[in-house]
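**Q** First the structure, then my questions, so here it is.
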Amino acid sequence: MVLKKEEPQDPSVAFRYPRVITYKHSLGYQSKFAHALKMGRIIATKCPVDGRCTIPPRIVCPMHHIRQTEWVDQGQRGKLLSAFKINFPMFDSRTGDLKSWDTPIVSIELEGGARMDGWCAETDTSKLKTGMVLEAVWRPEEERKGRVDDILYWKPV
Amino acid sequence: MTHHDKKSVADIPNDPIVVEVQGHSNFLVTVGNTGNKFLTEIRDNKTLMGIKCPGCKKIYIPPRTHCPTCFARMSEWVKLSGKGTLETFTIVRYAEPYMPKEPPYAYGVIKLDGASTGIVHLIGGVDLNKIKVSMKMEPVFKEQREGSILDIEYFEPSA
């Protein structure tokens, strides 16, 4: 059905719908990963076939469909694979509000071979080069919650 | 890179973690042209407006842009008296977040005179135990109206 284009009216009636939804879920197999983050460590699952390490950890290798039981320490540093910056306000899922994002988002290949994303301390993207070494900067230990944002950002070494 | 020392992962606990997550949203929702007319008429003129289907001639309230029966585009507005008949009701006796008022209170479906459909709204001005299906009802408007369906405070039995 083709709708006729209508004359726009003044949409004077609009509502804000602030909502907070609280839910609980078990991290299951990924719990060990969360425990490691609380300890300031990054670990990944390793595929027994080709040795590929995955973050977030997965109980089954997505390539070989085989159970991954080995965990590998990934160190604190990694090589920059790519970086981008959002230059307009985006929704912050922790508040539901629009927020300006000053820090670039980086993809890193860790020393242990796994790849993960994070924020970068260097806000000038012209200074970011692929292959450069970045190091994790953590929240103080007492503030860590076992989430990936326990890593505050990655700073160039 | 030489920084990497292969630490043992054996000292990292394995016991399951249950996390509590809070999702936040704060959407700005516009009610569209049809909802805009409906709500501003309530706000400015204390008038309930229905909308008439050119195909099946049904009059809908709350109004919508398209007839859900024959899918015709609707644009003919019909002024309703606001009075109607209680078709069904329920009494809420427990509290949940985002409820419009403290329980106990009653919700009802009121079929307005001249309309083909019922409108869901709060029932007030009456002892909850004395609400009866087929009661004649009329809207009670708030003094301060802001363009919300809750500018109608509730429907009460007609005198």
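Quick note: the coordinates plus some simple rules give every number you see, no bench work behind them. The shown structure was predicted, so the numbers you read here are calculated from the model rather than taken from an experiment. When we count neighbours, we look across all protein chains shown, and the Cβ atoms used for this are built from the backbone with ideal geometry, even at glycine.
**Q** Can you compute the equivalent ellipsoid semi-axes for the protein assembly as shown, i.e. the square root of 5 times each eigenvalue of the Cα gyration tensor, sorted largest first and rounded to whole Å? Could the numbers behind the result be given before it?
**A** Values: eigenvalues 678, 116, 70 Å².
Calculated on Cα positions only, the semi-axes equal 58, 24, 19 Å.
**Q** Treating the beta-carbon of each Lys and Arg as +1 and of each Asp and Glu as -1, no other charges, what is the dipole magnitude of chain A about its Cα centre, to the nearest 20 debye?
**A** Numbers: 25 positive and 20 negative charges, 87 e Å.
Here the size comes out at about 420 debye.
**Q** Distance cut-off 30 Å, Cα to Cα: go down the list A:LYS99/B:LYS37; A:LYS24/B:LYS101; B:LYS58/B:LYS132; B:LYS79/B:LYS132 and report the pairs above it.
**A** Working: A:LYS99/B:LYS37 33 Å; A:LYS24/B:LYS101 27 Å; B:LYS58/B:LYS132 26 Å; B:LYS79/B:LYS132 27 Å.
Among A:LYS99/B:LYS37; A:LYS24/B:LYS101; B:LYS58/B:LYS132; B:LYS79/B:LYS132, the Cα-Cα distance tops 30 Å for A:LYS99/B:LYS37.
**Q** Could you work out the local net charge near B:THR88, counting Lys and Arg as +1, Asp and Glu as -1, over the other residues with Cβ closer than 14 Å to its Cβ? Working shown, then result.
**A** Details: positive: B:LYS111, B:LYS132; negative: B:GLU87.
Here the count lands on +1.
**Q** Can you pull the one-decimal nm distance between simple spin-label points at A:TYR29 and A:TYR17, each 7 Å off the Cα toward Cβ?
**A** Calculated label separation equals 3.5 nm.
**Q** Identify, among B:TRP77, B:HIS121, B:ASN45, the residue whose Cα sits farthest towards the positive end of the charge dipole of the range B:28-157, taking +1 on the Cβ of Lys and Arg and -1 on the Cβ of Asp and Glu, with the dipole about the Cα centre.
**A** B:TRP77
**Q** Identify all aspartates and glutamates with a Cα-Cα distance to B:LYS142 below 14 Å; exclude those on the same chain that are fewer than 8 residues away in sequence.
**A** Result set, ordered by chain and number: B:GLU41, B:ASP44, B:ASP151, B:GLU153, B:GLU156.
**Q** Provide Rg over Rh for chain B; use the alpha carbon set for both Rg and the Kirkwood Rh (inverse mean inverse pair distance). Don't jump to the answer; show the numbers that get you there.
**A** On the way: Rg = 24.5 Å, Rh = 19.0 Å.
Result: Rg/Rh = 1.29.
**Q** Among A:ALA136, A:ILE21, A:GLY78, whose Cα projects farthest towards the positive end of the dipole of chain A, with charges put on the beta-carbon of Lys, Arg (+1) and Asp, Glu (-1)?
**A** The one lying farthest along the dipole's positive direction is A:ILE21.
**Q** Further question: Beyond a 29 Å Cα-Cα separation, which of these cross-linked pairs lie in this structure: A:LYS32/A:LYS85; A:LYS32/A:LYS79; B:LYS52/B:LYS83?
**A** Details: A:LYS32/A:LYS85 31 Å; A:LYS32/A:LYS79 24 Å; B:LYS52/B:LYS83 18 Å.
Violating the 29 Å Cα-Cα cut-off are A:LYS32/A:LYS85.
**Q** Please identify every one of the chymotrypsin sites (Phe, Trp or Tyr not before Pro) in the range B:44-86 that sits in a loop by DSSP and has no more than 13 other beta carbons within 10 Å of its own beta carbon. Let's see the in-between values first.
**A** Values: sites: B:TYR60, B:PHE71, B:TRP77; in loops: B:PHE71.
Those that pass, being in a loop and sparsely packed, are B:PHE71.
**Q** With the crude spin-label approximation of a point 7 Å out along Cα→Cβ, what separation in nm comes out for A:THR103 versus B:LYS142?
**A** Spacing of the two 7 Å Cα→Cβ label points: 4.1 nm.
**Q** Given Cα pairs under 8 Å that are at least 6 residues apart, what percent is the relative contact order of chain A?
**A** Details: 280 pairs, mean separation 32.3, N = 157.
Relative contact order of chain A: 21 percent.
**Q** Here is a further query. Can you compute the helix-only [θ] at 222 nm over the protein assembly as shown? Use -39500 (n - 2.57) per DSSP H run of at least 4 residues, normalise by all residues, nearest 500 deg cm²/dmol.
**A** Details: 2 runs with 22 residues, N = 316.
It comes out at -2000 deg cm²/dmol, rounded to the nearest 500.
**Q** If the cut-off is a Cα-Cα distance under 20 Å, which aspartates and glutamates reach A:LYS46, setting aside same-chain residues fewer than 8 apart in sequence?
**A** Reachable aspartates and glutamates: A:GLU70, A:ASP73, A:GLU109, A:GLU111, A:ASP117, B:ASP5, B:ASP11, B:ASP15.
**Q** May I pose another question? Which one, B:GLN144, B:PRO157, A:TYR153, is farthest towards the positive end of the dipole of the protein assembly as shown when Lys and Arg carry +1 and Asp and Glu -1 on their Cβ?
**A** Sorting the options by dipole projection puts first B:PRO157.
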